[in-house]
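Worksheet: one structure, shown below.
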Amino acid sequence: MASSIDRTNLQRVVAVINNKGGVGKTTLCANVAGIMGEGNWRVLVVDLDPQGNLGLDFGYHGTDRDDDGAGLSKALLYGDLLQPIEVRPNVEVVPGGRLVEYINTSLAQQFGQSGEAATRARLSLASALAKIGDQYDLILLDCPPNTDIIQSIAVAAARYILIPAKADEASYQGLTLTAERLDKVIDINPEVDLLGVVNFDSSASETVVRRDFAESVVQALGGEEARASVFETYVRHSGSTAKATREKRLLVHELDKKVKTGEKWYESIKRGVKHVAPGPQSAGSVADSLYAVTQELIVRLTEKEEEAARAAEVSANV
C-alpha cells in the first residue's frame with residue numbers, strides 16, 4: 001500500500017494537528033505561512049476544517065474567492081486539480097468551510113470498504129497534493145479536531161506532524177489521540193515523523209508551567225524520547241491581540257507593523273483629534289514569539305531532512 005503513491009512532492013507536507021480544539025492550529029498555520037512567505041518561501045495552506053476559520057485570518061472569508069470548501073471537496077472526491085487562491089505574497093490557500101463535511105461523509109463510506117477503494121480514500125489528500133506539491137517549499141495542513149476521517153487523510157499525506165497544545169489536560173488527551181492516529185496510517189505512510197510539539201498561549205513568566213508542559217508531553221506520547229519533540233520556543237498569550245487580528249483581517253506580525261508605524265497619541269493631540277490605536281501593544285511580543293517558533297520550525301525541518309539524507313546514504317552503501 002505504501003508504494004501506491006509517489007511521495008516525491010510530499011516531502012515538505014506538515015500536518016498541524018491536535019484532536020483538541022482551540023489550541024492554535026489555525027493561528028499557527030496562518031502566521032507561520034505569512035512569515036515564511038515574507039522570507040520568500042512558497043507556502044500552501046490547506047484548510048481542512050468545516051469552520052473555515054483560516055479565511056478570517058487571511059481576510060478572504062465571505063468574499064467571492066471563498067468557495068466554502070467546494071474545490072477541496074471536488075479534488076478529494078472526484079480527482080479534480082486543486083485550485084489554491086493567493087492570500088499573501090508567496091502564500092496560497094485551499095479554502096475550507098462547510099462543504100468539507102461532504103468529504104468526511106463520503107470518505108467514511110469508502111473507509112468502511114476493503115481493498116483498493118479504502119486505500120484510495122485514505123490517500124485522497126496525498127494524491128491531490130502530489131499533483132501540485134512541486135510548486136511549493138512548504139505545505140501546511142490545518143486539521144480540524146474530533147474528525148477522524150479528515151485527520152486520518154491529513155496524516156496519510158504528511159511527511160511531518162506538528163502538534164500545538166496548551167498546558168491543560170484536554171490538550172494532553174488530544175496529544176495521545178493524535179499519536180494513536182499516527183499508528184493507524186503507518187501502513188500507507190511509514191515515513192511520517194513528528195516534527196514537534198508547540199506550547200500555545202503561554203507567557204514569559206510561565207517557566208514552571210512550560211517545564212511541566214514538557215513532562216506532560218513525555219507522558220502523553222509515551223516515552224522519554226518525546227522530550228526532544230517539545231519546541232524550545234512558544235506562542236505567547238494575548239487575548240487583545242487575537243481579537244484585533246481577526247477584526248482587522250491581519251496576521252500578527254502585520255498588526256505589529258501597523259502598531260509600530262501608526263500615529264502616536266501625542267501626535268493625535270497635536271492635530272486636535274482623538275487618538276485611535278491601530279492595535280494593542282502586546283502584538284509585538286506575540287509577533288516575536290511567532291517569528292521564533294517559525295525559525296525553530298525551519299531548523300527542525302532542516303535537521304530532519306539532513307538526518308534522512310544521511311540515513312539514505314548509509315543504506316545505499318550497505
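Readers should treat all values here as calculations from the given coordinates under stated rules, not as data from a laboratory. Everything numeric in this text was worked out from a predicted model, so none of it was measured. Cβ placement follows ideal geometry from the backbone for every residue including glycine, while neighbour counts extend to all protein chains displayed.
Annotation: extensible slack from GLN219 through GLU305 equals 28.3 nm (criterion: 0.36 nm per residue apart, minus Cα-Cα distance).
A DSSP coil position with no more than 14 other Cβ atoms inside 10 Å describes the following trypsin sites (Lys or Arg not before Pro) in segment 87-167: ARG98, LYS131. Principal-axis analysis of the Cα atoms of the chain puts helix 148-157 at an angle of about 80° to the longest axis. Electrostatic bookkeeping for ILE149 treats Lys and Arg as +1 and Asp and Glu as -1; over the other residues with beta carbon under 15 Å from its beta carbon, the sum is 0. Of THR207, THR119, THR147, the residue with the greatest mean-square motion in the GNM of the chain, using alpha carbon springs below 10 Å, is THR207.
Each residue of segment 11-16 was assigned a 3J(HN,Hα) from its phi angle through the Karplus curve 6.51 cos²θ - 1.76 cosθ + 1.60 (θ = phi - 60°); the sequence is 6, 10, 9, 10, 8, 9 Hz, with glycine and proline shown as x.
One entry in (i) 102, 69, 46; (ii) 73, 47, 39; (iii) 88, 40, 37 is Cα extents along the principal axes in Å calculated from the shown coordinates; its label is (ii). What angle, in degrees between 0 and 90 and rounded to the nearest 10, separates the Cα long axis of helix 252-261 from the longest principal axis of the Cα atoms of the chain? The angle comes out near 20 degrees. For the pair segment 112-178 and segment 1-54, the centres of their Cα atoms are 9 angstrom apart.
Over 27 Å between Cα atoms, which of LYS131/LYS257; LYS25/LYS248; LYS166/LYS260 qualify? In this structure, LYS131/LYS257; LYS166/LYS260 lie more than 27 Å apart at Cα. Overall, the chain carries a charge dipole of about 1060 debye about its Cα centre when +1 sits on the Cβ of Lys and Arg and -1 on the Cβ of Asp and Glu, all other atoms neutral.
Comparing ASP187, ASP137, ASP68 in a Gaussian network model of the chain (Cα springs below 10 Å), the most mobile by mean-square fluctuation is ASP187. The order of the peptides 177-186, 226-235 by mean Cβ neighbours within 10 Å, most packed first, is 226-235, 177-186.
Label positions at VAL208 and ASP193, each projected 7 Å from the Cα along the C-beta direction, are separated by 3.7 nm.
Each other residue within a Cβ distance under 10 Å of LEU81 adds +1 if Lys or Arg and -1 if Asp or Glu, for a net charge of +1.
Label-to-label distance, ARG65 versus GLU180, with points set 7 angstrom from Cα along the beta-carbon direction: 4.0 nm. Placing +1 on each Lys and Arg Cβ and -1 on each Asp and Glu Cβ, with no other charges, gives segment 71-220 a dipole about its Cα centre of roughly 320 debye. With a cut-off of 15 Å between beta carbons, the residues surrounding LEU255 carry a summed charge of +3, where Lys and Arg count +1 and Asp and Glu -1. Give me the angle, in degrees from 0 to 90, between the Cα long axis of helix 169-184 and the longest principal axis of the Cα atoms of the chain, rounded to the nearest 10. Orientation of helix 169-184: about 30 degrees from the principal axis. Packing here is the average count of other Cβ atoms within 10 Å per residue, and on that basis the peptides 243-254, 14-25, highest first, run 14-25, 243-254.
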